[in-house]
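Only the coordinates and a few stated rules stand behind these numbers; no lab work does. Keep in mind that what you see is a predicted model, and the values were worked out from it rather than measured. Cβ coordinates were reconstructed from backbone atoms using ideal geometry, including for glycine residues, and neighbour counts include every protein chain displayed.
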C-alpha cells in the first residue's frame, strides 16, 4: 500500500517536505510554482525559516494538499486553522444539502449517492435503493457504508458478475485515498473490506445477458438484478475549491448505464 506523509517530524518543515516528496516535486520546481526560491523552500523544510501563513497555504495549494491537512500544516507552523469543519446537518449547510438532494434525484432512474471521507453514505437516490433491495438488513443500518455494501459477502458482492475486477478497482481507489489523507478510520475500513472472502470463481452470468460483448470505455460494474445483468460506468465528482473540510471530503458517485439494455430495465423500475 502507498505510504503517506508522517507527522513524526516537528514543525511545519518536515510535513511540507513529506508532501513534496510524495508528490515527487523538487524544491526548485515547487519554488517556481509558488513564486519563491529553492533556497527559501530548503530553509522552510529544515526549520531555518518560518513561513508566513500565506506561504504555507500557497505551498499546500501547489502540492495539492487536502483541505484537512492544510489546517494541520497551519497549526504546525503556529497559525490558526483556516478551514472550518461544519457538520453536514448544520443549518449553515442547508442549501448544500438541498442542492445535493436535487442533484442525485435528477439522475433517477440511474443510481447516484453521496459519500463522506470514510465512504459512509450521506445521501442516496431511489436508483441506489432499488439496487440494494434484498441486501442483509444489518448492512443497511445507519451509517450505511458504500464499501461494506459493495464487498461484503452478505451485501452486493454475490450479485457482482465481475467481482474480482471491481473489488480490485475499489481497493485501489481506497489506497489512493489513504495515501492522500491521514485517516485511521479509512485505513481500518480498508483492512476490513480487503479481508472479506472472495469466491474462487466469478458468479455466473444472468440468464438474459446478451451473448455479444459490449465495448466499454471504462471498467463497468456488472451486477445482477431481477434475473438480468445490468452494466454501469461509475463517475465520481467532488466540489471545486471547497472552503470547508466536510464539503471537501464529500464525493458524488453516479452509476451511468453502459448499454441500452440497462437503460431500458432501469426505466421500468421507477415511475
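The modelled label-to-label distance between residue 138 and residue 173, using points 7 Å beyond Cα along the C-beta direction, is 2.5 nm. To the nearest 10 degrees, how steeply does helix 67-76 sit against the main Cα axis of the chain, on a 0 to 90 scale? Compared with the principal axis, the helix lies near 20 degrees. Once Rg and the Kirkwood radius are both taken over the C-alpha atoms of the chain, their ratio Rg/Rh works out to 1.04. To the nearest 10 degrees, how steeply does helix 163-180 sit against the main Cα axis of the chain, on a 0 to 90 scale? Roughly 20 degrees between the two axes. Taken as Cα centroids, region 42-85 and region 128-169 sit 39 Å apart, rounded to the nearest whole angstrom. Between the beta carbons of residue 198 and residue 238, assuming R0 = 25 Å, the FRET efficiency works out to 0.30 to the nearest 0.05.
Running Debye on region 73-180 with equal point scatterers at the Cα sites and no solvent, what base-10 log of I(q)/I(0) appears at q = 0.10 Å⁻¹? Those come out to -0.40, one per q.
Over the chain, what is the relative contact order in whole percent, taking alpha-carbon pairs under 8 Å and six or more residues apart? RCO, the chain: 19 percent.
Packing-based ranking of 37-47, 93-103 yields 37-47, 93-103, ordered from highest to lowest mean Cβ neighbour count within 10 Å.
Give, in nm to one decimal, the length gained when the segment between residue 24 and residue 218 is fully stretched (0.36 nm per residue of separation minus the Cα-Cα distance).
Computed gain between residue 24 and residue 218 is 67.1 nm.
In terms of overall dimensions, the C-alpha atoms belonging to region 12-76 reach 26, 22, 18 Å along their principal axes, ordered largest to smallest.
Relative contact order of region 44-119: what whole-number percent is it, with Cα pairs under 8 angstrom and at least 6 residues apart?
Here the relative contact order equals 17 percent.
Relative to the longest principal Cα axis of the chain, at what angle does helix 184-194 sit, 0 to 90 degrees, rounded to 10? Approximately 30 degrees, to the nearest ten. Each 10 Å bin from zero up to the one holding the largest Cα-Cα distance in region 1-123 carries the following percent of pairs: 12, 35, 23, 20, 10, 1.
Using C-alpha pairs under 8 Å with a sequence gap of at least 6, the mean separation divided by the residue count of region 12-76 gives a relative contact order of 40 percent.
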